[in-house]
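Where a number appears in this text, it was derived from the coordinates with a stated rule and is not lab data. Quick caveat: nothing in here was measured; it's all calculated off a predicted structure. Virtual Cβ from ideal backbone geometry, glycine too; neighbours counted across all protein chains shown.
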Amino acid sequence: MNIRELIESRSRAYPNKAYLFYEDRRWTYRQFNDRVNQAANTFLEMGVKTKDRVALMLGNSPNFLFAWLGLNKIGAVMVPINTGFKKPEVSYIIDHCSAIGLVVSPETYEVADSVQKKLPCLKWLAGVEATDDTGVLALSALWDKSSTRLKSIELHDHDLATVIYTSGTTGPPKGVMHGHRSYVLCGYAMIARSALTCKDRLMVILPFFHANAQFYSTMGSLTAGASLIVIPRFSARRFWYEAREYQATQFAFVGAIGRILVARPVEEFDPQHIIRVANGALIPEDVHATFTGPFNIPHVIDGYGLTECPGVSNNPIEGKIKIGSMGLPAQLPDSPQPFSEMRIIDDIGHDLPPNRVGELIVRSPVLMQGYYNDPQQTAEVIRDGWFHTGDYCYRDDDGYYFFVDRKKDIIRRKGENISSVEVETVINAHPHVLESAVVPVKSPMSEDEVKAFVVPKQAVLATELIDWCKARLADFKLPRYVVFRTGLPKTPTQRIAKYLLKQESKQEEIVDMASYIEHGRR
């Protein structure tokens, strides 16, 4: 089944059921399908063809869904872009995938407009709504005038649906390619993972430009015939109010959100909520205890997945839960066979016995098709059908998997993956910097903060470096800590020995930039 068939089958099965909730508006399944068709017809009238890449730089709103799924219904490829990205980051993605169009909101128009003037592949720039004094094409007005009937277009389950760019460890971001089948199968796997039914309402607090909200919440709700609640942006202060107001029964979160909710004033909690399932990953024990205890959420499901291979494993919703575990290989509903396969191997590829730490490799029907326009990187991570995650894990005697550490040089901050190489490249381009190394340091919110070790050519202030980075990187990638050194430790082959930098505990040279980033010269 492809995405078009999934949406249309649910529209026939639940025509008058409320599917989409956003602020004070709602759309039934039939109305949702009609609006997606209007978006699809508009893209056809604009000249978008099968296999064309169209980028979306939009925040959380129904318009993201209408544009994304409208593109997929005509066989085009959606390329989501983080709304916090700056011109160099956006330019790279647009240029790399040769996107013909870019859909923006008023908040992202300025960056997008500057990009359009530099990239010949980008034929048009459109807004989902009118933007003042820009003259940009307003898609929503065109959607209103388009037909709700969509002509038949040949579409196959394995056709490319999206290219999602994810931070790389050895260079620029890589475009992860997923077909229609990956999305649909992930939706069915969510039914098994969360015991989803048509009575559920899934509340989306994570951004649509990431895989989580697409593969789990959106596809899970569609396959189950459930409802989807779209929150424009996560607010810890309003979370419990919104959960009760919309009668949400499930939501997905990342580690930092769990920490934040646990730390909020007790008076913000609303005991009248009816949430029964919270899906997360690497959930700390105290967060799990608070969610299942004072927050009264019956099922808090810890799992594991990647943009390249979503929904790899999870603790069973009915069965033994191991706190701190990634769980067991994922299942499809009513299937005795695992949906995913998982192995732990040593450095030469031999399988390791239980309780031995090694690299996790996975195989799944929703494994990516590869990295866009990068066969070399694809061949490095997919070998004999197995994806090499670069994560160190182990399996216990009961078959539950546990995450140990990242082999990849990735920093995880506020739910975002950050390539240390990307940050280093920007810092090293500063005329007063000789070299740098960027490493993660533990944050009180359970994920990482970015720490930069810098060897200057001549005197430079930490604030100057942050300003330099701020003009070239999204805010979540900015270093919080800057350490100046006369040199960096090296391996015998003259690579920077980052493992030594990670082990350091000296704090006296650290310049804490938190207040500067949050309150200074934005």
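The table that follows gives values for the structure above.
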item: Computed FRET value (nearest 0.05) for Arg149 with Ala379, which takes r as the C-beta separation and R₀ as 45 Å; result: 0.55
item: Most to least packed among 91-104, 342-355 [average Cβ atoms within 10 Å]; result: 91-104, 342-355
item: Charge dipole (debye, nearest 20) of the stretch 118-227; +1 at Cβ of Lys and Arg, -1 at Cβ of Asp and Glu; result: 240 debye
item: Per-residue HN-Hα couplings for the stretch 225-230 [Karplus 6.51, -1.76, 1.60; θ = phi - 60°; Hz; x = Gly/Pro]; result: x, 8, 10, 10, 10, 9
item: Positive dipole terminus of the chain, leading residue within Ile323, Val454, Cys121 (C-beta point charges); result: Cys121
item: Descending Cα extents along the principal axes, the stretch 263-326, whole Å; result: 39, 25, 20
item: The chain, dipole about Cα centre (Lys/Arg Cβ +1, Asp/Glu Cβ -1), debye to the nearest 20; result: 620 debye
item: Cut-off under 5 Å, modelled amide H: who pairs with Val482 long-range; result: Ala452, Val511, Met513
item: Ranked by how many other beta carbons lie within 10 Å on average, peptides 152-162, 190-200 from highest; result: 190-200, 152-162
item: Cα-centre dipole for the stretch 45-162 with unit charges at Cβ (Lys and Arg positive, Asp and Glu negative), debye to 20; result: 320 debye
item: Formal net charge of residues neighbouring Pro294 (Cβ-Cβ distance under 14 Å; K, R +1; D, E -1); result: -3
item: Relative contact order (%) - criterion: Cα under 8 Å, at least six apart; region: the chain; result: 11 percent
item: Other-chain or far-sequence residues with amide H under 5 Å of Ile275's (modelled H); result: none
item: Protection proxy ranking, peptides 306-313, 326-333, 218-225, 379-386, average beta carbon neighbours within 10 Å, highest first; result: 306-313, 218-225, 326-333, 379-386
item: Loop-resident sites, the stretch 1-62, for GluC sites (Glu not before Pro), counting at most 15 other Cβ within 10 Å (DSSP); result: Glu23
item: Model label zone, Asn16; criterion: amide N under 16 Å from point 7 Å along Cα-to-beta-carbon; scope the stretch 136-162; result: none
item: Sequence of Phe239, Phe484 once ranked by neighbouring C-beta atoms within 10 Å, starting from the fewest; result: Phe484, Phe239
item: Cα Rg over Rh - the chain, Kirkwood; result: 0.95
item: Within the chain, percent of DSSP bridges classed antiparallel, to nearest 5; result: 60 percent
item: Ellipticity estimate at 222 nm from DSSP helix runs (n ≥ 4, -39,500 (n - 2.57)) divided over the chain, nearest 500; result: -8000 deg cm²/dmol
item: Once the Cα gyration tensor of the stretch 33-135 is diagonalised, semi-axes √(5λ) in Å; result: 20, 15, 12
item: Which of Pro298, Ile7, Ala243, positive extreme of dipole for the chain (C-beta unit charges); result: Ile7
item: Hz values of 3J(HN,Hα) by residue in the stretch 411-418 - Karplus curve (6.51, -1.76, 1.60), Gly and Pro given as x; result: 10, 9, 9, 6, x, 10, 8, 10
item: Cα-Cα P(r), the stretch 134-272, percent of pairs per 10 Å interval; result: 10, 27, 34, 22, 6, 0
item: For the stretch 35-91 and the stretch 221-241, distance of Cα centres in Å; result: 21 Å
item: Length-normalised contact order of the stretch 115-259 in % [C-alpha pairs under 8 Å, at least 6 apart]; result: 17 percent
item: Note, ³J(HN,Hα) from phi for the stretch 346-352, Karplus 6.51, -1.76, 1.60, rounded to Hz, x at Gly and Pro; result: 8, 5, 10, x, 7, 5, 9
